[in-house]
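Notes follow once the structure below has been shown.
The values are calculated or read from the model by the stated rules, or taken from the named source; none is laboratory data. Bear in mind the structure is a predicted one, so any value in this text is a computation, not a measurement. Ideal geometry is used to build each Cβ from the backbone, glycine not excepted, and the neighbour counts take in all protein chains shown. Accessible surface areas use protein heavy atoms only, side chains included; no ligands, DNA or RNA. Shrake-Rupley method; radii C 1.70, N 1.55, O 1.52, S 1.80 Å.
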Amino acid sequence: MRKKLIAANWKMNGGLEVNRALVEAVCQGGSDLSSEVVLCVPFPYLGQVGALLQGSTITLGAQNSSEFESGAYTGEVSAGMVAEFGCSHVILGHSERRTLFGESDGQVAGKVLQALAAGLRPIVCTGECEAARLEGRTTQVVSRQLAAVLEAVPDDACAAMVVAYEPIWAIGTGLSASPEQAQAVHRQIRALLKDRFGAAAELVQILYGGSVKAANASALFAMPDIDGGLIGGASLLADDFLAICAAGDLVT
Ligand code: 13P
């Protein structure tokens, strides 16, 4: 049985004061959740949020880490550094990184390898743009993105991996994929994982992201291959985020 995982992606939001209030409220309201919850915060706040999460079952995550192990890569942050701050997860290959910063499938695969080597659980993001969806190329895009990672990782990577499906047209738009639309892609992702890892693929958490709110979370999380969510905007408001976490618990 897969546990639900609710991952907050704060993106480039936050500040020392607002972080404290948000994390304290989430910890207080989320103290008895049975779903796994991880807060993926900007790099400079890893120390602060890590300290605030001490004693909580909620874990810390990052939003990116390098495809390189260490060295002369100005501005990069290695997976080892992220792990040293106590992170359990790292988001890799988010569509904002792919489209705004030109990350290729190959780079994402390299980042996943480094994250695994550092003992992190990569949350590997996939998802098509609106044009690809309209042209019926969703399967093709998601398969290509995932294949690059699955070809690169070692055979025993399955237990550490998390995959996210985040259609670009649903991110920050208020227009979520329907539970049926998302489930169809999640089932396809599961099939690709099975081709690579066999029966162990049943244990991989596949998250949906894109305008998840308290109002639509339960219906999404009730689908058989939707194992939780990757939450952007709604993760910045404690009550909204906790309501989504509670929806995860309801169907766990
Ligand atoms: P929103 O929840 O704001 O649509 O963002 C989703 C996302 O990109 C999470 O990684």
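Per-structure values
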item: Members of region 198-226 that are away from the ligand (no atom under 15 Å from the Cβ), closer than 28 Å to residue 156 by Cα and not β-branched (Val, Ile, Thr); result: 198, 199, 200, 201, 202, 203, 223, 224, 225
item: Of all residues in region 71-108 being touching a residue at least 60 places away in the same chain (Cβ under 8 Å) and not acidic (Asp, Glu), the one that is farthest from residue 150 (Cα to Cα); result: 99
item: Positions within region 153-177 being open to solvent by 40 Å² or more (accessible area, probe 1.4 Å) and either within 15 Å of the ligand (Cβ to nearest atom) or in a helix (DSSP H, G or I) (or both), in sequence order; result: 155, 156, 159, 168, 172, 173, 174, 175
item: Region 115-152: number of residues that are part of a loop (DSSP other than H, G, I, E, B), away from the ligand (no atom under 16 Å from the Cβ) and buried (at least 22 other Cβ atoms within 10 Å of the Cβ); result: 1
item: Any chance residue 235 is of a type in the set (Ser, Thr, Tyr) and crowded, with 19+ Cβ neighbours inside 10 Å; result: yes
item: Among residues of region 5-33, those that are more than 16 Å from the ligand (Cβ to nearest atom), surrounded by 13 or more Cβ atoms within 10 Å (Cβ to Cβ) and either part of a loop (DSSP other than H, G, I, E, B) or within 17 Å of the chain's Cα centre (by Cα) (or both), counted; result: 2
